[in-house]
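Have a look at this one.
The values are calculated or read from the model by the stated rules, or taken from the named source; none is laboratory data. All values derive from a computational prediction rather than experimental measurement. Here Cβ is always computed from backbone atoms with ideal geometry, including for glycine, and neighbour counts include all displayed protein chains. Just the protein is used for accessible areas: all its heavy atoms, side chains included, with ligands, DNA and RNA removed. Shrake-Rupley method; radii C 1.70, N 1.55, O 1.52, S 1.80 Å.
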Amino acid sequence: MAFAVGCGLTALTSCADQFDQEYSVDRPALKGEYAYLNDYKPLKEYLGNPNVKLGVGTDAREYLQQQLVYALTNSNFNETVSGNDMKMASCVNDKGEMNFGTVSEYVSAATDAGLSVYGHTLAWHSQQPVKYLSSLLKDKELDIDPDAKEEKEEYKMDWAAATAYTMWGQFPDIATVSTNGALTITTTGTIANFWELQYMVADGISLQAGKEYVMRLELKGSPASENLHYVIGPWGADIKAGVLDFTTDWETRDIAFTAPNDASGVHMLLQSGDYEGEYSIKSVTLYLLEAPVVEVPSYIYENDFSGSDVPGGWGNNSTRTIEDGVLHVNNPSTTDFWAAQMAIDGYQFEQGVTYYMSLKIKGSGNGVWRSGAQVTSDYSSAGDFPNIEFGTEWKDFTVKFTCNKEGATRWIHSFGDFAGDIYIDDLKLYVMKSMNAIPLTEQEKKDTLTWAMANWIEGMMNACDGKVKAWDVVNEAISGADTDGDGFYDLQHGSEGNTTDFFWQDYLGDIDYVRTAVRLARQYGPEDVKLFINDYNLESDWDDNKKLKSLIEWIDRWEADGVTKIDGIGSQMHISCYMNANVQEKKKKAIENMFRLMAQTGKLVRVSELDMGLVDENGNDVQTANATEAQLHEMADLYKFVVSKYFEIVPAAQQWGICQWAATDSPANSGWRPNSPLGLWDLNYNRKHAYAGFADGLQSK
């Protein structure tokens, strides 16, 4: 499955194999029933077809140490594949910064040693820099002046219909009246203390602590004044106090202030004991100042009727069908409006939330379309959109309502009082959300990720300097489910809450995902580059190789544009040797069938990640320490079977080669098939019976 090679080649203090001439290691002869392994040559010397690549999964950093890993790789194989270091997450950090230092050193060292390097992998959903890629898809920040503020009305008092007002203080010959929608105060003299005449012009206000506000008054007077006193705040704790000026014409005056922590029961008083004349206040309005925001729709339901999703309904023999991408509703005769209805269920309307509906609509005559929210438990209404009056020409409508009851889960539409045909398109239900950023469109996401993939592939190809001639261009694209019923497995996709993987195909699309990766690999790679699609379970017996058949179908779809070309198929073959003979026979037949199906495509065939576990007669995995000699011989026979069948069934011109994914058995602490006898060597680098089986398979003995 293209997992990390944690069970491969690690430098140890002893070795029982001969490596290349520069890194030879004295080895004691194998004894007993292992003595025959002394006579075997390094594996690559058994290759009959000089064009076949015999590869091994390698830790690039261990290879660069030029010790045991380097020696064993060079002496037994002619191709090396990095288990992890050429994957995107190994080269691109959370900020999108790329570092190909290890890649360049590894490729140079391997090619200088005469090996070819196989690239693994350009496009995959796993081992991706998820944080970086996800950050590219975040909402687009709006170009807003950070110093700008918008006014949100929080409180308003005017005297257009007021019959009372509140005042305090003693003053002779004072007259207060409310005329022409204004509060008018008339005085015929002054007193020394201005606060001894006060008028309440706002009261009962609650403020948000720390928020900025503006109190705006509309006023005039005769004579004009520059000394009208005011106080804003709860009793005994003034928030703001000062003076206002006014002229003989209606004008507004603003008082800006910041709310304190204790900001309930706030009022505004005007204090005019030292003013002689007449002044009037038309209105007092309080505004909350906030940074500008934009409202964007958040869709609950969208249907352009291009598919087969027809809403349900009932009544009066009415029908609903989709015709040429339009919903066609027919009501044969006029009845009560509620007698013919259409319903869309499963959407939870929340009390107090405002909902929007938009649609295009026309009819065979003039009529009314009614919509609203319904509580299905008792069929009561939870609020209605305004009626939509349609005619014989297409017309766009957007209407809104506020849900007034809990428990509404049905979006109900009524049209029983119209006889004839109604046509609807682009029906949407949504709420508006305020934000200072707007989500990227689907096309913007696709364009952004196409850029990111191009940047990544160009960087990797440049780091390899044209020396890596073959790649897994796309890895593990096929799922194991056929949800659309077309007879083939779908592509893999992300699931809700998955923050570990990044599925490019969720944004690029099932077709363009692979086409884009192939196009970019050919654009930035060497002219003679070969591109493979790599996947696991292609040898599956439980579904008659359906995953491979599905992959072949998908390759046909990807190549249908006449431009995209996929050179080969890689089969991971993380198999097991079963001690149950019947089970093992089924597995073998499926392996043979896999090679036949791959050969029939005419494409290059590669066994990309061969390793082998062990399963006993009861279906239990066998750990390395518990494997018997007989079982290890059975594993050797299965290695021989797989390798020999590859050369027997796949035509020579299509034989790319075989990559042994785990050279040694898997350590107990490995992240990949731990404690499993996977390899051709044991953990002390002694040849195993599996080595002989693999070598015999190469010779087709």
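Could you give every pair whose Cβ atoms fall below 8 Å, whose first residue belongs to region 637-658 and is farther than 13 Å from LEU54 by Cβ and without any contact (Cβ under 8 Å) to a residue 40 or more places away in the chain, and whose second residue is assigned to a helix (DSSP H, G or I) and not aliphatic (A, V, I, L, M), counting only separations of at least 6 or pairs across chains?
Every condition considered, no pair remains.
How about region 429-541: which helices (runs of 4 or more DSSP H) wholly inside it have at least 3 residues that are at pLDDT 95 or above and either under 30 Å from LYS400 (Cβ atoms) or among the charged types (D, E, K, R) (or both)?
Because the criterion is at least 3 residues that are at pLDDT 95 or above and either under 30 Å from LYS400 (Cβ atoms) or among the charged types (D, E, K, R) (or both), the helices (runs of 4 or more DSSP H) in region 429-541 that meet it are 442-464, 510-524.
For region 63-81, state whether one or more residues are acidic (Asp, Glu) and either more than 30 Å from ASP611 (Cα to Cα) or open to solvent by 30 Å² or more (accessible area, probe 1.4 Å) (or both).
No - not one qualifying residue is present in region 63-81.
Filter region 234-258 down to the residues that are hydroxyl-bearing (Ser, Thr, Tyr) and not in a strand (DSSP E or B) and list them by number.
THR247, THR248
Shifting gears a bit: When the residues of region 259-284 are narrowed to those that are under 22 Å from THR190 (Cα atoms) and assigned to a loop (DSSP other than H, G, I, E, B), which ends up farthest from the chain's Cα centre (by Cα)?
Of everything passing the filter in region 259-284, GLU276 is farthest from the chain's Cα centre (by Cα).
In addition: It is to be established whether one or more residues within region 472-481 are open to solvent by less than 10 Å² (accessible area, probe 1.4 Å) and out of contact with any strand residue (DSSP E or B) (no Cβ under 6 Å at 6 or more places or on another chain).
The answer is no; no qualifying residue exists.
Further question: When residues of region 513-534 are filtered for being closer than 15 Å to MET453 by Cα and open to solvent by less than 50 Å² (accessible area, probe 1.4 Å), how many remain?
Number satisfying all stated conditions: 8.
Kindly indicate whether ILE422 is modelled with pLDDT of 95 or more and either part of a strand (DSSP E or B) or on the phi > 0 side of the Ramachandran plot (or both).
Yes; evaluated as a whole, the condition is true for this residue.
While we're on this one: Condition first: modelled with pLDDT of 95 or more, outside any strand (DSSP E or B), of a type in the set (Ser, Thr, Tyr) and open to solvent by less than 10 Å² (accessible area, probe 1.4 Å). Can you find one or more residues in region 659-679 that meet it?
no
Still on this structure: Would you pick out the residues in region 318-340 that are open to solvent by less than 80 Å² (accessible area, probe 1.4 Å) and in contact with a Lys or Arg (Cβ under 9 Å, 6 or more places away or on another chain)?
Selection gives VAL326, LEU327, HIS328, VAL329, ASN330.
For region 363-379, what are the residues that are under 21 Å from THR335 (Cβ atoms), in contact with a strand residue (DSSP E or B) (Cβ under 8 Å, 6 or more places away or on another chain) and open to solvent by 10 Å² or more (accessible area, probe 1.4 Å)?
SER364, GLY365, ASN366, GLY367, VAL368, ARG370, GLN374
Taking the conditions exactly as written (in a loop (DSSP other than H, G, I, E, B), open to solvent by 40 Å² or more (accessible area, probe 1.4 Å) and out of contact with any Asp or Glu (no Cβ under 7 Å at 6 or more places or on another chain)), does ASP145 satisfy them or not?
Yes.
With the condition kept exactly as written, say whether any residue in region 285-293 is surrounded by fewer than 20 Cβ atoms within 10 Å (Cβ to Cβ), more than 55 Å from the chain's Cα centre (by Cα) and among the polar types (S, T, N, Q).
No, region 285-293 contains no residue that is surrounded by fewer than 20 Cβ atoms within 10 Å (Cβ to Cβ), more than 55 Å from the chain's Cα centre (by Cα) and among the polar types (S, T, N, Q).
Mind checking whether some residue in region 626-633 is open to solvent by 20 Å² or more (accessible area, probe 1.4 Å), part of a helix (DSSP H, G or I), under 23 Å from ALA71 (Cα atoms) and at pLDDT 95 or above?
no
Here is a further query. In region 537-562, which residue that is open to solvent by 10 Å² or more (accessible area, probe 1.4 Å) and in contact with a Ser or Thr (Cβ under 8 Å, 6 or more places away or on another chain) is nearest to GLU609 (Cα to Cα)?
For region 537-562, the residue satisfying everything is GLU539.
Also, I was wondering about something else. State which residue is nearest to the chain's Cα centre (by Cα) when the search covers only region 102-139 and only residues that are open to solvent by 10 Å² or more (accessible area, probe 1.4 Å) and of a type in the set (Val, Ile, Thr).
VAL130
Go through (1) under 18 Å from the mean Cα position of the chain (by Cα); (2) open to solvent by less than 20 Å² (accessible area, probe 1.4 Å) for GLY509 and report which single condition fails.
(2)
Continuing with the same structure: For region 299-307, does any single residue satisfy the condition of being more than 30 Å from ILE255 (Cβ to Cβ), out of contact with any Asp or Glu (no Cβ under 7 Å at 6 or more places or on another chain), in a loop (DSSP other than H, G, I, E, B) and at pLDDT below 95?
Checked against the condition, which is being more than 30 Å from ILE255 (Cβ to Cβ), out of contact with any Asp or Glu (no Cβ under 7 Å at 6 or more places or on another chain), in a loop (DSSP other than H, G, I, E, B) and at pLDDT below 95, region 299-307 yields at least one hit.
Can you tell me which residue is farthest from VAL353 (Cα to Cα) among those in region 385-419 that are among the aliphatic types (A, V, I, L, M) and not in a loop (DSSP other than H, G, I, E, B)?
The qualifying residue farthest from VAL353 (Cα to Cα) is ILE388.
Kindly establish whether ASN49 is surrounded by fewer than 22 Cβ atoms within 10 Å (Cβ to Cβ), on the phi < 0 side of the Ramachandran plot and at pLDDT below 95.
Taking the combined requirement at face value, the residue satisfies it.
Further, regarding this structure: Report, by residue number, each residue of region 680-699 that is in a strand (DSSP E or B) and either under 17 Å from PHE77 (Cβ atoms) or among the aliphatic types (A, V, I, L, M) (or both).
TRP681, ARG687
Additional query: What number of residues within region 338-362 satisfy the criterion of being assigned to a loop (DSSP other than H, G, I, E, B), of a type outside the set (A, V, I, L, M, F, W, C) and out of contact with any Cys (no Cβ under 7 Å at 6 or more places or on another chain)?
3
Could I ask something else about it? Can you confirm whether GLY365 is at pLDDT 95 or above and outside any strand (DSSP E or B)?
It is true that GLY365 is at pLDDT 95 or above and outside any strand (DSSP E or B).
How many of the residues in region 560-611 are touching a residue at least 12 places away in the same chain (Cβ under 8 Å), hydrophobic (A, V, I, L, M, F, W, C) and under 22 Å from ALA123 (Cβ atoms)?
Residues that pass the stated criteria total 8.
So SER272 ticks every box in (1) hydroxyl-bearing (Ser, Thr, Tyr); (2) in contact (Cβ under 8 Å) with a residue 24 or more places away in the chain; (3) open to solvent by 20 Å² or more (accessible area, probe 1.4 Å) but one. Which box is left unticked?
Going through (1) hydroxyl-bearing (Ser, Thr, Tyr); (2) in contact (Cβ under 8 Å) with a residue 24 or more places away in the chain; (3) open to solvent by 20 Å² or more (accessible area, probe 1.4 Å) one by one, SER272 breaks only (3).
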